[in-house]
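Below you'll find the structure, written out as structure tokens, and then a few comments.
The values are calculated or read from the model by the stated rules, or taken from the named source; none is laboratory data. This structure is a prediction, so every number in the text was calculated from the model and none was measured. Neighbour counts run over all protein chains shown; Cβ positions are idealised from the backbone, glycine included. Just the protein is used for accessible areas: all its heavy atoms, side chains included, with ligands, DNA and RNA removed. Shrake-Rupley method; radii C 1.70, N 1.55, O 1.52, S 1.80 Å.
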Amino acid sequence: MEELYCIDCYLREFDAVVEDVVDERYVVLDRTAFYPEAGGQPHDTGFLYCAGKAYPVTGVRKADGRVYHEIGAGGLKEGDAIRGVIDWDRRYLLMRYHSACHILSAIIHSETGAKISGNQLSEDKTRVDFSLEEFDREQLKAYEAKVNDVIDRNIPVTIETMDREEAFRIPSVVKLKDAFPPEVLCIRVITIPGIDRQACGGTHVASTGEIPHIEVFKAENKGKNNRRVYFRFRE
């Protein structure tokens, strides 16, 4: 399966052929631009069009190396030619949140040494979890200002696919070495020069200037050494 969302995050429409349909509702294509839920980023939504009929895509997941598109109505069959259309407004919002999440995570790590333990994107806010003993809430506004400064600098964001050996020469990637099974030969790396360089399979903007300013509006203690920060875009 050709995963077009890994190659071009800005691809909104694509043509494909149905390879399989499971239980009449889960469609496997030979290629797709629909992002399957993973790494804290929600799945894409949109439509598959075939023979004048629209099939809403309500869920997307990846399993056994295949991407399954859950459709709201049956009718597609193996061999059908389809046109896929992404809900672009939703995708682009999540792209901007994901890139902002990388920036905030990098700044928290740079300022405190904290390890980022997780994140979750949504359409109205994003959260970042990190491991830290002391939690200085007053510093959160300083982190927010640093993120917004990076946004204002309009720094290009690059996406590279590297072979395993090359990727593991990057300090921030080699820390995740155990997360990549031996069969994973290529690793996708997102770089914001001077700010962050991480292995990531998600979708991202091409420049930090596309991201709205953020505001950190909530912070929580989630247990020993587990801290959580929420941010959203300013209106």
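Let me confirm something: among 129, 149, 178, which residue is out of contact with any Cys (no Cβ under 7 Å at 6 or more places or on another chain), at pLDDT 90 or above, of a type in the set (D, E, K, R) and under 23 Å from residue 37 (Cα atoms)? It would help to see each step written out before you state the result.
On the way: 149 fails: under 23 Å from residue 37 (Cα atoms); 178 fails: at pLDDT 90 or above.
Sole residue among the options that is out of contact with any Cys (no Cβ under 7 Å at 6 or more places or on another chain), at pLDDT 90 or above, of a type in the set (D, E, K, R) and under 23 Å from residue 37 (Cα atoms): 129.
Take the residues of the range 211-235 that are more than 19 Å from residue 149 (Cβ to Cβ) and in a loop (DSSP other than H, G, I, E, B): which is most open to solvent (accessible area, probe 1.4 Å)?
235
Just give me the residues in the range 188-210 being within 15 Å of residue 106 (Cβ to Cβ), in a loop (DSSP other than H, G, I, E, B) and open to solvent by 10 Å² or more (accessible area, probe 1.4 Å), in sequence order.
Once the filter is applied, which keeps residues that are within 15 Å of residue 106 (Cβ to Cβ), in a loop (DSSP other than H, G, I, E, B) and open to solvent by 10 Å² or more (accessible area, probe 1.4 Å), the range 188-210 yields 193, 194, 195, 200.
Would you mind finding the one in 122, 131 that is surrounded by fewer than 18 Cβ atoms within 10 Å (Cβ to Cβ) and under 19 Å from the mean Cα position of the chain (by Cα)?
Numbers: 131 fails: under 19 Å from the mean Cα position of the chain (by Cα).
So the residue among 122, 131 that is surrounded by fewer than 18 Cβ atoms within 10 Å (Cβ to Cβ) and under 19 Å from the mean Cα position of the chain (by Cα) is 122.
Looking at residue 185, is it of a type in the set (A, V, I, L, M, F, W, C) and open to solvent by less than 70 Å² (accessible area, probe 1.4 Å)? If you could, list the steps in order and put the result at the bottom.
Numbers: of a type in the set (A, V, I, L, M, F, W, C): yes; open to solvent by less than 70 Å² (accessible area, probe 1.4 Å): no.
Taking the combined requirement at face value, the residue does not satisfy it.
List, please: which pairs have Cβ atoms under 9 Å, are six or more places apart or on different chains, and start with a residue in the range 77-97 that is surrounded by fewer than 17 Cβ atoms within 10 Å (Cβ to Cβ) and in a strand (DSSP E or B) and end with one that is at pLDDT 95 or above and of a type in the set (D, E, K, R)?
Correct list of pairs: 81/15; 83/13; 83/15.
From 107, 103, which residue is surrounded by 18 or more Cβ atoms within 10 Å (Cβ to Cβ), assigned to a helix (DSSP H, G or I), of a type outside the set (Gly, Ala, Ser) and in contact with a Phe, Trp or Tyr (Cβ under 6 Å, 6 or more places away or on another chain)? Walk me through it before giving the result.
Numbers: 103 fails: in contact with a Phe, Trp or Tyr (Cβ under 6 Å, 6 or more places away or on another chain).
Within the list 107, 103, the selection yields 107.
If I go through the range 191-235 residue by residue, how many of them are within 24 Å of residue 33 (Cα to Cα), at pLDDT 95 or above and not small (Gly, Ala, Ser)?
The total comes to 8.
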